[in-house]
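A.B. asks: Pasting a structure below so you can have a look.
The values are calculated or read from the model by the stated rules, or taken from the named source; none is laboratory data. From a predicted model like this one, the values you see are computed outputs, not experimental measurements. We place every Cβ from the backbone using ideal geometry, glycine too, and count neighbours over all the protein chains shown. In case anyone asks, the SASA skips ligands and DNA or RNA and just uses the protein heavy atoms, side chains included. Shrake-Rupley method; radii C 1.70, N 1.55, O 1.52, S 1.80 Å.
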Amino acid sequence: MFKYNCLNKISKTGTQNFTENFELCENVEDADAILVRSATMHDMKFGKNVKAIARAGAGVNNIPLDRCAEEGIVVFNTPGANANGVKELVIAGMLLASRDVVGGIDWVKTIKEEPEVAKLIEKGKSNYAGTEIQGKKLGVIGLGAIGVLVANAAVGLGMEVYGCDPFISVENAWKLSRSVKAVKTREEIFKKCDIITVHVPLLDDTKYMINADTLKMMKNGVIILNFARDLLVNDDDMAAAIASGKVRKYVTDFPNPKSAQMAGTIAIPHLGASTEESEDNCAVMAVKELVEYLENGNIINSVNYPATDAGVKKTAARVCILHKNIPNMLAQFTGAFSASEINIENLVNKSRGDNAYTIIDIDKVTAKITKDLQKIEGVRAVRVIQ
Ligand code: MLT
């Protein structure tokens with residue numbers, strides 16, 4: 001029986017996909033698998049049973065990926081599962097920033113008791129007028145599941161859309177509208193566009209991507225949307241750009257102590273993926289990934305170990321080895337099996353950066369072979385599925 005623990009509230013539509021081999025446990029230390037949404041795991045010590053963590057969402061900056069890899073813990077995310085929810089809020093954010101809907105609504109609240117409210121509104125509404133998005137140039141930085149949906153929706157709304165993603169997947173390239181103009185560098189987006197939206201993960205390379213230098217390249221009165229992660233934007237530089245009129249509005253779905261009170265900013269409380277549909281989709285995908293990994297050893301949508309598919313186990317046992325991606329590992333594994341006179345029926349080996357994973361289907365298993373494999377230098381975890 002596998003034990004799972006939820007660090008955050010996870011939709012029941014998802015958790016009901018756990019098979020009869022799984023049960024919920026109260027203590028995260030006892031868990032084989034952890035489901036998480038936004039809880040920060042960087043300072044967590046993992047129990048010796050933990051084999052997998054699945055994030056019900058796309059971003060994984062709340063999880064120590066490298067440490068997990070070293071401790072033999074496979075981390076999964078759910079790419080695309082909440083993309084529609086985020087896309088819809090990005091479009092709403094773009095409209096809120098173009099028309100002063102928020103300012104207008106706040107103003108009506110201040111005069112709502114006035115008997116002449118209708119007259120006052122007609123007199124004062126011009127203070128809250130805005131611009132339309134049709135015909136405006138939208139720059140989409142990052143064409144993953146969310147970026148592609150945003151770009152395509154914006155084309156449908158009559159915008160001139162520019163997209164930038166040097167790492168776009170073949171699958172996403174197929175989904176992208178032919179009307180989206182592909183540009184090679186972020187700088188082209190910064191210089192050309194009236195509205196810019198960022199859809200990239202938070203990495204060393206993307207941290208503070210919106211900063212004084214890049215803001216300087218932008219058009220006066222640009223609108224910037226951040227539905228990805230707060231640290232993609234340097235808040236001090238953004239505040240200065242808003243004060244100078246360079247930026248007309250900053251919309252962030254990740255308010256922090258600075259941006260939550262920044263003038264000219266629409267701060268949304270991380271609602272992008274907070275829809276029933278997105279929460280269900282993410283939870284279903286995350287649970288299916290955990291079940292497939294723990295029951296069959298196959299890895300789908302991991303962010304620290306390679307995608308690996310050995311199909312359904314048909315032999316007496318399947319040995320799953322998480323290890324360093326260094327020379328001579330396979331020779332040592334096969335040598336160990338041969339020394340124990342165990343026949344290998346099937347072997348799949350994949351690597352990703354410093355991390356590698358090998359699935360070996362065998363006709364019998366002994367306690368000795370597991371110990372022999374664990375002793376090999378570079379092996380991080382050995383698991384036998386019977
Ligand atoms: C994501 O990374 O996909 C979102 O932050 C998910 C969420 O809202 O929890």
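Rundown of residues vs (1) touching a residue at least 24 places away in the same chain (Cβ under 8 Å); (2) among the charged types (D, E, K, R); (3) under 26 Å from residue 273 (Cα atoms), yes/no style:
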{"site": "2", "(1), (2), (3)": "yes, no, no"}
{"site": "28", "(1), (2), (3)": "no, no, yes"}
{"site": "33", "(1), (2), (3)": "yes, no, yes"}
{"site": "43", "(1), (2), (3)": "no, yes, yes"}
{"site": "55", "(1), (2), (3)": "yes, yes, yes"}
{"site": "59", "(1), (2), (3)": "yes, no, yes"}
{"site": "65", "(1), (2), (3)": "yes, no, yes"}
{"site": "69", "(1), (2), (3)": "yes, no, no"}
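A.B. asks: Out of all the residues in region 305-325, is one or more free of Cβ contacts under 8 Å to residues at least 40 places away in the same chain, more than 21 Å from residue 386 (Cα to Cα) and either among the aromatic types (Phe, Trp, Tyr) or not assigned by TED's automatic domain parsing to the domain that holds residue 52 (or both)?
C.D. replies: Here is the first cut: in region 305-325, the ones free of Cβ contacts under 8 Å to residues at least 40 places away in the same chain are 309, 311-312, 325.
Subset that is more than 21 Å from residue 386 (Cα to Cα): 325.
Subset that is either among the aromatic types (Phe, Trp, Tyr) or not assigned by TED's automatic domain parsing to the domain that holds residue 52 (or both): 325.
Yes, there is a match, as at least one residue in region 305-325 is free of Cβ contacts under 8 Å to residues at least 40 places away in the same chain, more than 21 Å from residue 386 (Cα to Cα) and either among the aromatic types (Phe, Trp, Tyr) or not assigned by TED's automatic domain parsing to the domain that holds residue 52 (or both).
A.B. asks: Any idea which of 86, 90 is of a type in the set (Val, Ile, Thr), crowded, with 19+ Cβ neighbours inside 10 Å, assigned to a helix (DSSP H, G or I) and within 11 Å of the ligand (Cβ to nearest atom)? Walk me through how you get there before you give the answer.
C.D. replies: Working: 90 fails: within 11 Å of the ligand (Cβ to nearest atom).
Answer to the selection: 86.
A.B. asks: Which one of 45, 3 is open to solvent by 40 Å² or more (accessible area, probe 1.4 Å), in the same structural domain as residue 281 (by TED's automatic domain parsing), among the basic types (Lys, Arg) and outside any strand (DSSP E or B)? Outline the logic, then answer.
C.D. replies: Numbers: 3 fails: outside any strand (DSSP E or B).
Exactly one of 45, 3 is open to solvent by 40 Å² or more (accessible area, probe 1.4 Å), in the same structural domain as residue 281 (by TED's automatic domain parsing), among the basic types (Lys, Arg) and outside any strand (DSSP E or B), namely 45.
A.B. asks: Could you figure out which of (1) β-branched (Val, Ile, Thr); (2) within 13 Å of residue 142 (Cβ to Cβ); (3) touching a strand residue (DSSP E or B) at 6+ places or on another chain (Cβ under 6 Å) isn't true of residue 195?
C.D. replies: Result: residue 195 passes all but (2).
A.B. asks: Examine region 151-169 for a residue that is surrounded by fewer than 19 Cβ atoms within 10 Å (Cβ to Cβ), of a type in the set (S, T, N, Q) and not in a helix (DSSP H, G or I), and state whether such a residue exists.
C.D. replies: Looking through region 151-169, at least one residue is surrounded by fewer than 19 Cβ atoms within 10 Å (Cβ to Cβ), of a type in the set (S, T, N, Q) and not in a helix (DSSP H, G or I).
A.B. asks: Restricting to region 319-341, count the residues that are farther than 27 Å from residue 56 by Cβ and open to solvent by less than 10 Å² (accessible area, probe 1.4 Å).
C.D. replies: In the first step, residues of region 319-341 are kept if they are farther than 27 Å from residue 56 by Cβ; the result is 319, 321, 323-341.
Then drop every residue that is not open to solvent by less than 10 Å² (accessible area, probe 1.4 Å), which leaves 319, 321, 323, 329, 333, 337.
Matching residues across region 319-341 total 6.
A.B. asks: Oh, and also: Only one residue in 66, 30 is open to solvent by 20 Å² or more (accessible area, probe 1.4 Å), within 27 Å of residue 230 (Cα to Cα) and either more than 13 Å from the ligand (Cβ to nearest atom) or assigned by TED's automatic domain parsing to the domain that holds residue 142 (or both), so which one is that? Can you show your working first?
C.D. replies: On the way: 30 fails: within 27 Å of residue 230 (Cα to Cα).
Of the residues listed, the single one that is open to solvent by 20 Å² or more (accessible area, probe 1.4 Å), within 27 Å of residue 230 (Cα to Cα) and either more than 13 Å from the ligand (Cβ to nearest atom) or assigned by TED's automatic domain parsing to the domain that holds residue 142 (or both) is 66.
A.B. asks: Let me ask something else. Of the numbered conditions (1) assigned to a helix (DSSP H, G or I); (2) in contact (Cβ under 8 Å) with a residue 24 or more places away in the chain; (3) within 16 Å of the ligand (Cβ to nearest atom), residue 78 satisfies every one except a single condition; which is it?
C.D. replies: In the conditions (1) assigned to a helix (DSSP H, G or I); (2) in contact (Cβ under 8 Å) with a residue 24 or more places away in the chain; (3) within 16 Å of the ligand (Cβ to nearest atom), residue 78 misses (1) alone.
This table checks each residue for (1) open to solvent by less than 60 Å² (accessible area, probe 1.4 Å); (2) among the acidic types (Asp, Glu).
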{"position": "344", "(1), (2)": "yes, no"}
{"position": "368", "(1), (2)": "no, no"}
{"position": "372", "(1), (2)": "yes, yes"}
{"position": "375", "(1), (2)": "no, no"}
{"position": "381", "(1), (2)": "yes, no"}
